[in-house]
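Structure first, commentary second.
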Amino acid sequence: MKLKSYGEGIAKGMLVTMKNAIRDPITTQYPEKRLNISRRSRGNQLVWNKTACISCSMCARACPVNCITMVTSRDENKKLQMDKMDVDTGVCISCGLCVEACPQKCLFMSRDYEKAVYSRKKLKLTKEDILMTDSSKPSGYYSPENETKLPKQTLLIDGKKWDK
Amino acid sequence: MSILGRNVLPLTVHASVLAPDWPWGFWSHMIIFVVIVMAFVILMAMGFIWFERRVISRYQIRIGPNRIGPFGLLQPVADVIKILIKEDIVPLNVDKIIHLLAPAVAIIPAIMVFAVIPFSNGASLVDLNIGILYIVAISSISIVGQVMAGWGSNNKYALISAMRVIAQVVSYEIPLALSIIGVVLFAGTLSMNGIVQQQSIPFILLQPLGFIIYFLASLAEVNRTPFDLLEAEGEIVAGYNIEYSGFKFALFYLTEYTEAIAISTIITTLYLAGWKGPFLPPVLWFLIKVFAVFTLIIWVRATLPRLRIDQVMGFAWKFLLPLAFINLLITGVQVVAWPDLSQWVIVAVNIVLSAVLIVAFSRMFRTKGDKVEA
């Protein structure tokens, strides 16, 4: 006589749902609460380290959709300087080839994901917009050493349990 | 009187005592109770929709609607407004009269059931001496509305759904009625209020097998999961109400929840001692029990998958029906042969008997190895 034939499965199932009913819900109410992003996230936001850049335009040439517009000039010491660097994110396909092409590793992917804007003009980012700041840290894409600097991978908000 | 510091209508006063003292006697009583019953049904339906969505989301580790109003309490109100301002589409080739009448035929009997439900001692619209018989008779008429909807819609899915409703409900009506008779035998009355008054210990203890049969059969009767074959989304899209929109659809939706409330209240009355209970006012006890039963129904819905049509039918005819007959026989013997036996002895005997019977019948129910065939 096996218990299986006498509704053991039903009892088990009822127990599972009951256990679920008393644990914390896994729903995150998005605009108010956000999950942490995985440290292995590639990201699709472009950030630019101004100090390391040598204005070589390799990123603009690597771009398959020509969304990076770069204008450079020589200053009085015959050193290249960046006059203009626009990234049209409306055209960008987030392929990451510009990041891979950069000889100085001064272009990175970053992990901001709320990039919707209200007008098309705002899709065109200038060099001020893509500057690397504290809030836009480079992701581990093409530079794995960055990954170790990021917080440990946990989706949970306080690291212990799901948000209520 | 007051509940939790708020003035409420005097539901606790016995209606038959109350009625002659009021101006116009019977009519004032009737008008007031019709209003109370209608308000109860509509408010409880909206409350149950909210409650079900919140509770089932907890079983599924979600939060559920919590944005509109405190705890999302106004969500059903928003749903009602949305559904009522929708366009009422009537497809071209429908049977217009039947298509129009179907929602009314479905909703009216579902609400009529509440006429005999005692919310408190004697507080019902009318305390019929054949109360439970009335409920069994009236609640079946709802099905006619669903069949009319399925037939009148000129839609193959609706028709299949209607056919399933007939097959299922006719099958489950029998164990349902037979399990009620067990209660009636113990109570010695068909009146709903009388049944409650007879329950010095709740009949769920005296009739454990009857309760299980009634619970499962009534789930099938009101087409709730796991017996919701009529709206099997994967097969027949939405069921009999597929061609309905706007107000008519709202009526069908309301019917569904009204029937769920109805079986919750009937189970409360028949098996859980209705309004009886210590300390709290009877109305509150009644509501607490109704919500407890409904939570159990939601729990079943959250857990069990939908059955196949042959499984559903086999379950009714091969499992519930014989058990209902045996339950009736046992109850009859107990009532006739040992009327003076202590009820607690009967409780113990019946709990053991029902466990043995369920195990034995699940043994018979399966056929090949561990596979349940029907």
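The values are calculated or read from the model by the stated rules, or taken from the named source; none is laboratory data. All figures in this text were calculated on a predicted structure; none of them were measured in a lab. Neighbour counts run over all protein chains shown; Cβ positions are idealised from the backbone, glycine included. Note: accessible area is taken over every heavy atom of the protein model, side chains too, but ligands, DNA and RNA are not part of it. Shrake-Rupley method; radii C 1.70, N 1.55, O 1.52, S 1.80 Å.
Dipole magnitude for chain A: computed about the Cα centre from +1 point charges on Lys and Arg Cβ and -1 point charges on Asp and Glu Cβ, it is near 600 debye.
Going down the table (A:K33/A:K84; A:K50/A:K121; A:K79/A:K115; A:K19/B:K82; A:K78/A:K127; A:K19/A:K115), which pairs top 29 Å between alpha carbons? Beyond 29 Å: A:K33/A:K84; A:K79/A:K115; A:K19/B:K82; A:K19/A:K115. Given +1 at the Cβ of Lys and Arg, -1 at the Cβ of Asp and Glu and no other charges, the dipole of chain B around its Cα centre is 840 debye to the nearest 20.
I want to verify a result. In a Gaussian network model of chain B, Cα cutoff 10 Å, which of these has the top mean-square fluctuation: B:S362, B:S179, B:S153? Taking springs between Cα atoms under 10 Å, the residue moving most is B:S362.
Here the spin labels are modelled as points 7 Å beyond Cα on the Cα-Cβ line, and at B:I174 and B:A39 they lie 4.4 nm apart.
Couplings 3J(HN,Hα) for the range B:40-46, derived from phi with the Karplus relation 6.51 cos²θ - 1.76 cosθ + 1.60 (θ = phi - 60°), are 4, 5, 5, 5, 5, 4, 5 Hz, where x marks Gly and Pro. Rounded to the nearest 0.05, the FRET efficiency derived from the C-beta distance between B:S342 and B:L74 at R0 = 60 Å is 0.75.
In the context of the full protein assembly, B:S245 retains an accessible surface of approximately 20 Å², using a probe radius of 1.4 Å and ignoring ligands and nucleic acids. If the reach is capped at under 18 angstrom between alpha carbons, list the aspartates and glutamates near B:K289, excluding any in the same chain fewer than eight residues apart. The qualifying aspartates and glutamates are B:E52, B:E259.
Along chain B, the exposed loop sites are GluC sites (Glu not before Pro) outside DSSP states H, G, I, E and B with at most 15 other Cβ atoms within 10 Å, and the longest stretch free of them is B:88-372.
Using every Cα-Cα pair within chain A, state what percent have a distance larger than 24 Å. Tail of the P(r) past 24 Å holds 52 percent of the pairs. In summary, the aspartates and glutamates within cross-link reach of B:K156, defined as a Cα separation below 16 angstrom excluding same-chain residues under 8 places away, comprise B:D95, B:E231, B:E233, B:E235, B:E243. Accessible surface for the protein assembly as shown, divided over its residues, is 51 Å² per residue with a 1.4 Å probe.
Could you work out the local net charge near B:A158, counting Lys and Arg as +1, Asp and Glu as -1, over the other residues with Cβ closer than 12 Å to its Cβ? Here the count lands on -1. Over the residues of chain B, the helix contribution to mean residue ellipticity at 222 nm works out to -21000 deg cm²/dmol, using -39500 (n - 2.57) for each DSSP H run of at least 4.
Placing +1 on each Lys and Arg Cβ and -1 on each Asp and Glu Cβ, with no other charges, gives the range A:46-135 a dipole about its Cα centre of roughly 180 debye. DSSP assigns beta bridges within the protein assembly as shown; of those with both partners inside it, close to 95 percent run antiparallel. Pull up the cross-link candidates among the aspartates and glutamates for B:K318, meaning alpha carbon to alpha carbon under 19 Å and not fewer than 8 places away within one chain. Hits, sequence-local ones excluded: B:E173, B:E221, B:D310, B:D370, B:E373. I need the Debye-formula profile for the protein assembly as shown: one equal scatterer per C-alpha, no solvent, reported as log10 I(q)/I(0) at q = 0.07, 0.09, 0.13 1/Å, two decimals. Evaluating at q = 0.07, 0.09, 0.13 Å⁻¹ gives log10 I(q)/I(0) of -0.59, -0.80, -1.29. Averaged over the residues of A:15-27, the number of partner chain Cβ atoms lying within 10 Å of the residue Cβ comes to 5.
Report relative contact order for chain A in percent, whole number only (criteria: Cα-Cα under 8 Å, sequence separation at least 6). Rounded, it is 34 percent for chain A. Couplings for the range B:103-109, taken from phi via the Karplus curve 6.51 cos²θ - 1.76 cosθ + 1.60 with θ = phi - 60°, read x, 5, 5, 6, 7, 4, x Hz in order; Gly and Pro are left as x.
Under the classification rounded if a/c is under 1.5, otherwise prolate if a/b is larger than b/c and oblate if not, where does chain B fall, given a ≥ b ≥ c as square roots of the Cα gyration tensor eigenvalues? Judged from the Cα gyration tensor, chain B comes out oblate (a/c at least 1.5, b/c at or above a/b).
Determine the shielding of peptide B:59-68 by partner chains: average, over its residues, the number of Cβ atoms on other chains within 10 angstrom of each Cβ. Averaged over the peptide's residues, the number is 4. Dividing the mean sequence gap of close Cα pairs (under 8 Å, 6+ apart) by how many residues chain B holds gives a relative contact order of 20 percent.
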